[in-house]
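See structure below.
The values are calculated or read from the model by the stated rules, or taken from the named source; none is laboratory data. The shown structure was predicted, so the numbers you read here are calculated from the model rather than taken from an experiment. Cβ coordinates were reconstructed from backbone atoms using ideal geometry, including for glycine residues, and neighbour counts include every protein chain displayed.
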Amino acid sequence: MRLPEQALHIVKVSTMNNAITDTLSDGMHAGHEYLIFTLGNEEYGIDILKVQEIRHYEQATRIPNAPDFVSGVTNLRGAIVPVVDLRVKFQLGSKEINDHTVVIILNLHQRVIGMVVDAVADVVPLASENIKPAPDFTSTLSTRYLQGLGLLNERMLILIDIEKLMNSEEMELVDQLTQTVNQPLAAS
């Protein structure tokens, strides 16, 4: 199922889940549903249930001394939310912003985080037999955040365990920076 261009505006997960449920009414077993997005020339997938919404890219407020992969923070309806640029985190080079660049807002165990990606492609169901284990590249490449590789027709999707990625030690630093920004200014 392809998301129309208008879906690049705020998209609520419940709407996407209802659309997927409707398309699966022919009795096909869904397995897990994944939001597919692109970074460079590769397609990645994350569990759709971790996605709160998708928003057009807006420049984040940069935090001094934050890691390079942290774009900054943004105000999401009164909550200060850290924004991570996955292109930088995965060392994929250029981080050109265009009309397709979006921020995926994730809700992970009461932690809300924004994730900058090049574009959102679609929401797809993947049966467990179409998910293969991630290859082991020994110590040269970390695969600890990979859930596996999804096979969908002629496409190979890199499935990310977004909770492991966003709950890493690096993200604890992001939490500390966000808490610093959220603290009210002390009276002089």
Those residues of the stretch 52-74 which are on the phi < 0 side of the Ramachandran plot, in a loop (DSSP other than H, G, I, E, B) and not aromatic (Phe, Trp, Tyr), in sequence order: GLU58, GLN59, ALA60, ARG62, ILE63, PRO64, ALA66, PRO67, ASP68
Selected residue [under 22 Å from ARG144 (Cα atoms), part of a helix (DSSP H, G or I) and modelled with pLDDT of 90 or more] from LEU35, LEU49: LEU49
Answer residue from the stretch 14-32, given it is hydrophobic (A, V, I, L, M, F, W, C) and either surrounded by 12 or more Cβ atoms within 10 Å (Cβ to Cβ) or over 26 Å from ALA134 (Cβ atoms) (or both) and is modelled with the highest pLDDT among those: ALA30
Number of positions in the stretch 35-53 that are polar (S, T, N, Q) and under 9 Å from LEU159 (Cα atoms): 0
Among the candidates VAL124, VAL174, residue that is within 18 Å of GLU43 (Cα to Cα) and either of a type outside the set (Gly, Ala, Ser) or at pLDDT 90 or above (or both): VAL124
